[in-house]
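Trainee: Have a look at this one.
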Amino acid sequence: MDLYSEIILDHYKNPHNKGHIDSPTCKADEENPQCGDTLSIELKIENSVVTEVAFNGAGCAISQAATSMLTDYLKGKSIEEINKLKPDDIYKMLGIDISPGRIKCALLGLSTTQQAIKNHNNASKKD
Amino acid sequence: MIDPAQIKKDFPILNREKNGKTLVYLDNASTTQKPKQVIEAITNFYENTNANIHRGIYDISEEATALYEGARETTQKFINAASKSEIIFTRNTTESINLVAYTWGEKNVQKGDEIIVSMIEHHSNLLPWQFLAKKKGAHLKFIPIKDDLTLDIEEYKKLLSEKTKLVAITGMSNVLGTIAPIEEITNLAKEHGAHVLIDAAQTAAHQQIDVQKINCDFLAFSSHKMLGPTGVGVLYARQSILKKMPPFLYGGSMIAAVELDSAEFAKPPQKFEAGTSNIADVVAFKSALDYITDLTFNEIQKHEKELYKYAISELSKIEDIKLVTPPEDQAGPVITFTIKGIHPHDIAEALNSENIAIRAGKHCTDPLHKHLGLIATARISLYVYNDKQDIDRTVEALKKCIKIFA
Ligand SMILES: Cc1ncc(COP(=O)(O)O)c(C=O)c1O
């Protein structure tokens, strides 16, 4: 079962950055209605850089591992860098071939993160 | 007696291999595989008789018409409809149900009327009624399920009233496998003057249907879930109702006479089959019906029940598996389950790596999953070519999956 490499299983069983952070500056919730995965991402953004991140939710190994890996990557990155992330970057982190049926699972973390940043930008505009 | 080893030989796709392992196909509730008899019927039609129907004054058109109408007659006999003209070919169950909602429903359901469905409906037998009810100011009522995952008929009786215009119910749940007592449900509805639609998408492949005995007004099913090609659905509707139903789609093939500013419609079933039909697939659908008829429902059910029992007993031995199934005597060959700590997608993916196909997700029944408090489930669904080895390989793969994720 190549799909479930040691590293993916490890992130699934012991996810990094799972939980909540104190006073996040933005967050977003997304759902993958087909399989019922839910995900919420909390970010603390200071001077356009992510300083803290946490995620919560339930889902399959691919969505959980991808989000766990992504959240590790996010720390210290600028909004600009994060907005530039493409699906391929996530596939590279996972290090496996993603079949069409699992694309949504793999990308749930990325789309939720980018939504959180949008929420952040919208909120800052209002200030 | 059904010999799956023999039957497997009729299904070319079951020879497909991955890493030296042959395909185990356990997603039959989604769509079944096709025997070579059906595949050959399609090829044969296109190679030898292809022409449009009901119009050409030449040999192949007349032959094509005879084959198409022959399929209608076989379908009529298959469900014991009183007349051939009660059989309308559509694209699938979903279209059949929508046809009823858009024509009969549009004309007969009024403000304040009630439509009864159940908690276990597939979206295809829920959304058309949701939509109709909203449009008309009518109300949807739901037959609940009991803790044992069967329909609560006592609650159903309380829902029925003079306001009930339609009861639309599935013959078998595509998730729980629960078989609904459709005759009893229909009789009760009739006492209140309501019409009854049976969603037989999951029933038609497994159970003898007799529409006159059930006494339902409408019954819908799909060719592709019973060994036939995709793109063919059936709507049975009682003749007296069909005669008064307005058309669904307008255009060629459904008219008797046309003026520039008016038209007279053809009689049923043509009235409801506008445009060129899916002729080749309807013709091949007949071969699927013949295949099932040759096996006989008696034998099909014996085989399915035995295999179902075997699968349930093997799966029950695995501690982390939780079955979502009704009592055995009310269950069709569908086994839905969850595994503690493993998402159904991961179960399906793990099985796929062993070349075993099962379904994972919500199976087009979001409200039911919500009711059961389940995000998603995994589902095994059986048919005539499945055998004990298929179950054994699945159980082995599930054990392996549990080990990996534990
Ligand atoms: C109970 C039930 N009703 C309706 C449908 C819809 O069938 P189709 O997709 O062929 O229209 C299905 C298919 O899964 C089903 O299981």
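Trainee: Do we find that B:VAL167 is within 14 Å of chain A (Cβ to nearest Cβ) and within 16 Å of the ligand (Cβ to nearest atom) in this structure? I'd like the intermediate steps shown before the answer.
Mentor: Values: within 14 Å of chain A (Cβ to nearest Cβ): no; within 16 Å of the ligand (Cβ to nearest atom): yes.
Answer is no for this residue.
Trainee: Any residue at all in the range A:75-91 that's polar (S, T, N, Q) and touching a residue at least 60 places away in the same chain (Cβ under 8 Å)?
Mentor: Here is the first cut: in the range A:75-91, the ones polar (S, T, N, Q) are A:78, A:83.
Pick out the ones that are also touching a residue at least 60 places away in the same chain (Cβ under 8 Å) and you get none.
Taking every residue of the range A:75-91 in turn, none turns out to be polar (S, T, N, Q) and touching a residue at least 60 places away in the same chain (Cβ under 8 Å).
Trainee: Within the range B:30-51, identify whether any single residue is aliphatic (A, V, I, L, M) and surrounded by fewer than 14 Cβ atoms within 10 Å (Cβ to Cβ), and answer yes or no. Walk me through how you get there before you give the answer.
Mentor: Of the range B:30-51, the ones aliphatic (A, V, I, L, M) are B:38-39, B:41-42, B:51.
Checking which are surrounded by fewer than 14 Cβ atoms within 10 Å (Cβ to Cβ) leaves us with none.
No, because not a single residue in the range B:30-51 is aliphatic (A, V, I, L, M) and surrounded by fewer than 14 Cβ atoms within 10 Å (Cβ to Cβ).
Trainee: Check off (1) under 26 Å from B:ILE335 (Cα atoms); (2) more than 11 Å from the ligand (Cβ to nearest atom) for B:GLN130 and give me the number that stays unchecked.
Mentor: (1)
Trainee: Hey, another quick one. Exactly one condition in (1) open to solvent by 10 Å² or more (accessible area, probe 1.4 Å); (2) within 12 Å of chain A (Cβ to nearest Cβ); (3) modelled with pLDDT under 95 is not met by B:LYS340; state its number.
Mentor: (2)
Trainee: Residues to consider are B:ALA180, B:ALA201, B:ALA194; find the one that is open to solvent by less than 20 Å² (accessible area, probe 1.4 Å), of a type in the set (Gly, Ala, Ser), in contact with a helix residue (DSSP H, G or I) (Cβ under 7 Å, 6 or more places away or on another chain) and in contact (Cβ under 8 Å) with a residue 24 or more places away in the chain. Break it down stepwise before answering.
Mentor: On the way: B:ALA180 fails: in contact with a helix residue (DSSP H, G or I) (Cβ under 7 Å, 6 or more places away or on another chain); B:ALA194 fails: in contact with a helix residue (DSSP H, G or I) (Cβ under 7 Å, 6 or more places away or on another chain).
Residue meeting the stated conditions: B:ALA201.
Trainee: From B:LYS135, B:LYS111, grab the single residue that is part of a loop (DSSP other than H, G, I, E, B) and away from the ligand (no atom under 16 Å from the Cβ). Walk me through it before giving the result.
Mentor: On the way: B:LYS135 fails: part of a loop (DSSP other than H, G, I, E, B).
It is B:LYS111.
Trainee: Condition first: among the basic types (Lys, Arg) and crowded, with 24+ Cβ neighbours inside 10 Å. Now tell me which residues in the range B:95-108 satisfy that.
Mentor: Residues of the range B:95-108 among the basic types (Lys, Arg): B:107.
Residues satisfying the conditions do not exist here.
Trainee: With the structure loaded, tell me whether B:ILE279 is within 20 Å of B:ASP27 (Cα to Cα) and open to solvent by less than 50 Å² (accessible area, probe 1.4 Å) or whether it fails that test.
Mentor: Criteria not met by B:ILE279.
Trainee: Restricting attention to the range B:80-94, report how many residues are crowded, with 22+ Cβ neighbours inside 10 Å and within 16 Å of the ligand (Cβ to nearest atom).
Mentor: Total satisfying the criteria: 4.
Trainee: Being over 30 Å from B:ALA256 (Cα atoms), part of a helix (DSSP H, G or I) and open to solvent by less than 60 Å² (accessible area, probe 1.4 Å) narrows it down to one residue among B:ILE116, B:ILE7; which is it? Spell out how you get there, then give the answer.
Mentor: Numbers: B:ILE116 fails: part of a helix (DSSP H, G or I).
B:ILE7 is the lone residue from the list that is over 30 Å from B:ALA256 (Cα atoms), part of a helix (DSSP H, G or I) and open to solvent by less than 60 Å² (accessible area, probe 1.4 Å).
Trainee: Checking A:LEU3 against (1) at pLDDT 90 or above; (2) open to solvent by less than 50 Å² (accessible area, probe 1.4 Å); (3) within 14 Å of chain B (Cβ to nearest Cβ), only one condition comes out false. Which one?
Mentor: Among (1) at pLDDT 90 or above; (2) open to solvent by less than 50 Å² (accessible area, probe 1.4 Å); (3) within 14 Å of chain B (Cβ to nearest Cβ), the lone unmet condition for A:LEU3 is (1).
Trainee: I need every pair where a residue in the range B:217-244 that is within 14 Å of chain A (Cβ to nearest Cβ) has its Cβ under 8 Å from the Cβ of a residue that is away from the ligand (no atom under 14 Å from the Cβ) and open to solvent by less than 10 Å² (accessible area, probe 1.4 Å), sequence separation at least 6 or different chains.
Mentor: No pair meets every condition.
Trainee: Among the strands (runs of 3 or more DSSP E) lying completely within the range B:262-364, list those that include at least 1 residues that are within 29 Å of B:SER96 (Cβ to Cβ). I'd like the intermediate steps shown before the answer.
Mentor: Working: elements: B:262-265, B:321-323, B:334-339, B:359-361.
Hits in the range B:262-364: B:262-265, B:334-339, B:359-361.
Trainee: Quick one: B:ILE380 ticks every box in (1) of a type outside the set (D, E, K, R); (2) closer than 19 Å to B:SER30 by Cα; (3) in a helix (DSSP H, G or I) except a single one, so which number is it?
Mentor: Status for B:ILE380: all satisfied but (3).
Trainee: When the residues of the range B:364-406 are narrowed to those that are small (Gly, Ala, Ser) and within 30 Å of B:TYR291 (Cβ to Cβ), which ends up farthest from the other protein chains (Cβ to nearest Cβ)?
Mentor: Quick first cut of the range B:364-406, residues small (Gly, Ala, Ser) only: B:373, B:376, B:378, B:381, B:397, B:406.
Applying the additional criterion that residues be within 30 Å of B:TYR291 (Cβ to Cβ) yields B:378, B:381, B:397.
Values: B:ALA378: 11, B:SER381: 18, B:ALA397: 10 Å.
Among residues in the range B:364-406 that are small (Gly, Ala, Ser) and within 30 Å of B:TYR291 (Cβ to Cβ), the one farthest from the other protein chains (Cβ to nearest Cβ) is B:SER381.
Trainee: Right, B:GLU155: part of a helix (DSSP H, G or I), without any contact (Cβ under 8 Å) to a residue 60 or more places away in the chain and over 21 Å from B:LEU219 (Cβ atoms) or not?
Mentor: So B:GLU155 fits the description; yes.
The values are calculated or read from the model by the stated rules, or taken from the named source; none is laboratory data. Remember, predicted model here, so these are calculated numbers, not experimental data. Backbone-built Cβ (ideal geometry, glycine too); neighbour counts: all protein chains shown. With ligands, DNA and RNA removed, areas are computed over all heavy atoms of the protein, side chains included. Shrake-Rupley method; radii C 1.70, N 1.55, O 1.52, S 1.80 Å.
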